[in-house]
Every structure is written in C-alpha cells, then in structure tokens.
Amino acid sequence: MTARSPISISNLLPYLPVILLFAAAAPLGLSCGVLWALGAFGLAVVFLVTIRRLQSRLEEQAKSGWLLDEGLRQTQKLAAIGQLSAGVAHEINNPLAIIRQEAQWMQTLLQTDHFRGVEEVKELYDSLREIIQQVDRCKEITHNLLDFARKRQPVIQGVAVNKLIEDMAALVAKEARQKGIKIILRLAPDLPQVYADAPQLRQVILNLLNNATYAVQRNGEVTATTRLAGKDSLEIIVSDTGPGIPPEDLPRIFDPFFTTKPPGQGTGLGLSICHGIIEKLGGRITVASQVGQGTAFTIRLPLKPREGVGGGRGQG
Amino acid sequence: MDNFKVMVVDDELDFLETIIKRLKARKIEVTGAESGQKALELLAEQDYDVMVLDVKMPGMDGIETLREVKKRKPLTEVIMLTGHASVESGIQGMQLGAFDYVMKPVALDELLEKMRQAYERKLIQEGKV
Ligand SMILES: Nc1ncnc2c1ncn2[C@@H]1O[C@H](COP(=O)(O)OP(=O)(O)OP(=O)(O)O)[C@@H](O)[C@H]1O
Ligand SMILES: [Mg+2]
C-alpha cells in the first residue's frame with residue numbers, strides 16, 4: 001500500500017461529523033455525558049468508514065496484482081532453493097566419489113589370494129556392492145539437484161509440438177497399457193510450430209505424462225490436448241482421471257522436494273523443473289484439480305519467445 | 001545438405017551394420033561403435049555432431065554413456081534409441097540432456113529428421129546460425 005501523509009484535507013474528511021458535533025454541542029451547552037456519547041458515535045462512524053475503505057482497497061489489489069505476485073514469489077522461492085541445494089549437492093559429490101572409490105578398492109583387495117578361502121568374503125563383497133549401489137543413488141539425487149539449479153539457457157528452434165507429444169506419449173504408452181491406462185491425444189491439426197527448446201519441452205511433457213499415469217495407477221485415462229490460444233500462443237493440457245490433488249497440497253506441488261510418493265521413490269523435483277523450464281520460455285504452467293475427479297496441467301506457451309530468450313532462431 | 005558427422009552406438013551388430021549401410025546410402029557420414037566404451041574412445045579421437053545411442057547395452061549402458069558424453073563433449077547431441085521404451089530411462093535420459101528418443105524399429109526418415117534437428121540445435125549452440 002502506498003504511504004500517505006498523515007494530515008490532509010481528505011484525511012480529515014471522515015472526522016468532520018465529530019468536529020461538527022463538538023462545534024454544535026458546545027454553544028448549546030449540552031452536558032458532558034451527552035457530549036461524550038455523541039463523540040463516541042462519531043468515532044464509531046469514522047472507524048467503520050476507514051475499515052470499508054481499507055477493505056475495498058485490498059480487494060482491488062487482490063484482483064489486479066495478487067496472481068502476479070504469487071507467480072513471482074514462486075519463481076524467487078525456486079531460485080533461492082535451487083542455489084542452496086546446488087551448493088549442498090556440490091559439496092556432497094566429492095565425499096560420495098571418495099566413498100565409492102574406497103569401496104571399490106576394498107572389493108579389489110578382497111579378490112587377492114590373501115582372502116582366498118575366508119568364509120565371510122562373499123558377504124563382505126556383497127555389502128560393499130550394496131554400499132556402491134546406494135552411493136550411486138545419492139549421486140543420482142545430487143545430479144538431479146545440480147541439474148535443477150543449473151541455469152540452462154534454452155536453445156530456441158522451431159518445434160512441432162504435436163509430433164513431440166506423440167513421441168513422448170509413445171514412450172509412456174506401453175507401461176500405461178499394462179496398467180489399463182488409455183493415453184488419448186487430442187491434437188489440434190494445423191498447429192503452427194512453436195519456437196522453444198525442444199528437449200526441455202520433451203522433458204516437461206514426459207514429466208507430466210508420467211505424473212498423470214502414476215496418479216491414475218490403474219484403469220483410467222490420460223489425455224494430452226493441444227490448441228491454439230489467441231493469435232500468438234498455444235496451450236498444452238495434460239489431464240488425468242486420477243484421484244486429484246487435495247486443496248491444501250495444491251499451492252505446494254511446484255515446490256522442489258514436495259512429493260507424496262513413498263520415501264526413495266520420488267525426489268519431488270519433477271514439477272519444479274517443469275515450472276522452471278516453462279517460465280524460461282516465457283510461458284506459464286498452471287494446475288486445476290478436483291479431488292475424486294482428476295487433475296489437469298495447462299501450459300501456455302508463446303509461439304515466439306520474447307526477445308532475449310535463448311540463443312538464436314532455427315530456420316524451422 | 002546433410003553434412004554432419006554421426007556415430008551410432010549399439011551392441012546388436014546386425015542392427016548396427018544395417019543402419020550404417022542405410023545411412024551411408026543417404027550420404028550421411030557415419031561411424032559405428034558396438035559399446036559405450038568404444039563410443040567414448042572414438043569420441044576422444046574426434047568430434048561427432050550427432051550420436052545415436054542404444055539405451056540397453058551390456059557393460060556400460062546407454063544412460064551411463066550419455067552421462068559421460070555430456071561431461072566430455074557437451075555439445076554432442078545425443079538421440080537415444082530404445083527397444084522397449086521404459087519411462088524411467090526416458091526421464092533419466094532427457095534429464096541428462098538427451099535431445100530425443102527414437103524407438104526400434106527405426107523409421108529411417110524419422111531418424112534423419114531428428115538428426116537434422118539435433119544438428120541444427122548444435123549449430124545454434126555453437127553460434128553458427
Ligand atoms: N497428475 C497428478 N495427479 C495428482 N497428484 C499429482 C499429479 N502430478 C503431481 N502430483 C502431486 O505433486 C507432487 C509433486 O510432483 P513432482 O513431479 O514434482 O514430484 P514426484 O512425482 O512426487 O517425484 P519425481 O517426479 O521426482 O518422481 C506429487 O508427489 C503428487 O503429490
Ligand atoms: Mg514427477
């Protein structure tokens with residue numbers, strides 16, 4: 001809210017009834033009690049007027065600026081968390097590499113003649129293998145984190161969005177079919193090509209399709225829709241007949257590390273990566289969900305990104 | 001003109017020989033490697049524009065190879081080749097910076113189109129467009 005100077009005519013305006021009341025009451029010689037009653041009434045009026053003004057001002061702000069602030073807040077939050085986690089991931093990578101190396105060296109030692117015939121060797125060897133496997137899992141996570149934080153500048157070239165979606169759907173189709181999930185494509189014919197980063201867009205679509213099939217679990221539908229939105233944007237919608245997202249989770253799903261998957265199964269980075277990619281391309285990703293009915297993610301992308309995004313333009 | 005240099009990496013030698021023949025027939029400059037290890041050795045000797053990389057290989061698999069390629073020659077664009085598409089490896093591959101996925105059996109025209117787009121991306125990144 002803008003700061004206001006404490007005294008001005010308009011500020012005094014609501015107090016006018018009180019001032020007038022006092023001014024009128026004094027010459028009439030009204031008793032102190034009546035004077036106070038009138039004063040209190042006047043103050044109450046002032047109070048109410050002020051509250052009403054404040055309220056309508058807030059409503060106005062909510063209508064115009066709030067959504068934008070929310071988007072900005074999310075972007076800033078993601079950037080901050082990204083930087084922090086990249087720092088941590090980087091620091092953890094080195095000790096991880098050493099642990100892995102040492103474990104491998106111990107495996108090599110166990111194979112020497114010295115340990116031949118020792119009963120526990122196989123068990124030791126298996127333990128070390130497990131350690132190496134778990135280190136690799138940690139490495140996977142730190143890699144994802146670093147990837148998430150890296151400011152990958154999009155490389156802009158002409159992309160046929162429908163074809164891209166067909167390809168990614170084909171990648172998901174087999175596993176989906178095994179679970180009785182139908183992948184439906186509703187792709188607008190004659191969709192113009194969009195200037196975007198093709199592999200990044202593939203990553204986004206794949207993530208959304210994967211989330212959707214995971215949510216449906218068994219026997220349901222996942223639908224990908226494309227359509228022109230206005231003259232200079234297009235929309236990609238990935239919707240599912242899954243369980244939906246509870247309203248209290250909805251504001252958090254784009255946060256890094258937010259996941260409802262069992263421990264060890266999801267990093268909760270999928271959607272925050274998608275969010276980052278789409279924002280960089282000058283687009284927006286939003287979600288609508290109804291518990292018990294399903295979820296729909298909508299991406300809105302400009303056909304051409306604003307100036308200054310990415311390197312060059314493909315010849316298409 | 002398609003004047004880019006391609007490496008195809010696949011442990012299935014029948015497939016490898018056939019696809020190299022077909023690509024050569026389309027005047028593509030192409031080299032084959034039968035393992036991830038071999039691919040990295042070749043890559044150390046010279047640069048390739050586009051790599052077509054099988055996901056499932058014994059020893060160093062496609063994902064592992066992709067990670068190394070992107071570490072050593074990040075500008076090389078990699079198209080992953082997959083027999084039984086697995087979502088898991090798909091997501092991993094895209095995350096690691098693969099350009100695209102192609103499914104076996106490969107439609108040659110489609111593969112060529114994807115290679116052209118991958119090469120275009122490489123040129124843009126090198127600032128040559
Ligand atoms: N289509 C959907 N239906 C219901 N919930 C969803 C859907 N997509 C995402 N979510 C919710 O949002 C959370 C975050 O999704 P995100 O993709 O970021 O991470 P994840 O899928 O949990 O883990 P990861 O992507 O690393 O495997 C999910 O755990 C889930 O609770
Ligand atoms: Mg996910």
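Here are the numbers for this structure:
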{"item": "Selection status of B:PRO74, in a loop (DSSP other than H, G, I, E, B) and more than 14 Å from the chain's Cα centre (by Cα)", "result": "no"}
{"item": "Restricting the stretch A:161-180 to residues that are of a type in the set (A, V, I, L, M) and either assigned by TED's automatic domain parsing to the domain that holds A:ASN93 or in contact with a Leu (Cβ under 7 Å, 6 or more places away or on another chain) (or both), the residue that is nearest to A:GLY283 (Cα to Cα)", "result": "A:VAL161"}
{"item": "Top-ranked residue in the stretch B:1-59 [being over 25 Å from B:GLU126 (Cα atoms) and of a type in the set (Ser, Thr, Tyr); ranked as surrounded by the most Cβ atoms within 10 Å (Cβ to Cβ)]", "result": "B:SER35"}
{"item": "Yes/no for B:ILE124 being farther than 20 Å from A:GLU166 by Cβ, open to solvent by less than 20 Å² (accessible area, probe 1.4 Å) and within 12 Å of chain A (Cβ to nearest Cβ)", "result": "yes"}
{"item": "Selection count where residues are within 9 Å of ligand 1 (Cβ to nearest atom) and assigned to a loop (DSSP other than H, G, I, E, B), scope the stretch A:259-289", "result": "8"}
{"item": "Residues within the stretch A:233-245 that are part of a loop (DSSP other than H, G, I, E, B) and within 9 Å of ligand 1 (Cβ to nearest atom), tallied", "result": "4"}
{"item": "When residues of the stretch A:156-192 are limited to those that are within 11 Å of chain B (Cβ to nearest Cβ) and in contact (Cβ under 8 Å) with a residue 60 or more places away in the chain, the one surrounded by the fewest Cβ atoms within 10 Å (Cβ to Cβ)", "result": "A:GLY158"}
{"item": "Residue satisfying all of: in the stretch A:246-281; open to solvent by less than 30 Å² (accessible area, probe 1.4 Å) and more than 12 Å from the chain's Cα centre (by Cα); farthest from A:ALA212 (Cα to Cα) among these", "result": "A:LEU281"}
{"item": "Flag for A:GLN153 being outside any helix (DSSP H, G or I), open to solvent by 40 Å² or more (accessible area, probe 1.4 Å), out of contact with any strand residue (DSSP E or B) (no Cβ under 7 Å at 6 or more places or on another chain) and of a type outside the set (D, E, K, R)", "result": "yes"}
{"item": "Complete set of residues in the stretch A:196-207 that are more than 15 Å from ligand 2 (Cβ to nearest atom) and either polar (S, T, N, Q) or open to solvent by 40 Å² or more (accessible area, probe 1.4 Å) (or both)", "result": "A:GLN200"}
{"item": "Enumeration of residues in the stretch A:217-232 that are among the acidic types (Asp, Glu) and outside any loop (DSSP other than H, G, I, E, B)", "result": "A:GLU221"}
{"item": "Unique match (being of a type in the set (A, V, I, L, M), over 21 Å from A:LYS304 (Cβ atoms), more than 16 Å from ligand 2 (Cβ to nearest atom) and not assigned by TED's automatic domain parsing to the domain that holds A:ILE81) among A:ILE183, A:ILE245, A:ILE273", "result": "A:ILE183"}
{"item": "Count - residues of the stretch B:98-117 that are within 27 Å of A:ASN211 (Cα to Cα), open to solvent by less than 20 Å² (accessible area, probe 1.4 Å) and more than 7 Å from every other protein chain (Cβ to nearest Cβ)", "result": "2"}
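Per-residue answers, yes or no, for (1) away from ligand 1 (no atom under 11 Å from the Cβ); (2) farther than 21 Å from A:LEU164 by Cβ:
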| residue | (1), (2) |
| --- | --- |
| A:ILE205 | yes, no |
| A:LEU208 | no, no |
| A:VAL216 | no, yes |
| A:GLU221 | yes, no |
| A:THR225 | yes, no |
| A:LEU228 | yes, no |
| A:LYS231 | yes, yes |
| A:PRO247 | yes, yes |
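The values are calculated or read from the model by the stated rules, or taken from the named source; none is laboratory data. Since the structure is predicted, the reported quantities are computational estimates derived from the model, not experimental observations. Because the Cβ atoms are built from the backbone with ideal geometry, glycine has one as well, and the counts that use them run over all protein chains shown. Please note that ligands, DNA and RNA were not included when accessible areas were found on the heavy atoms of the full protein model with its side chains. Shrake-Rupley method; radii C 1.70, N 1.55, O 1.52, S 1.80 Å.
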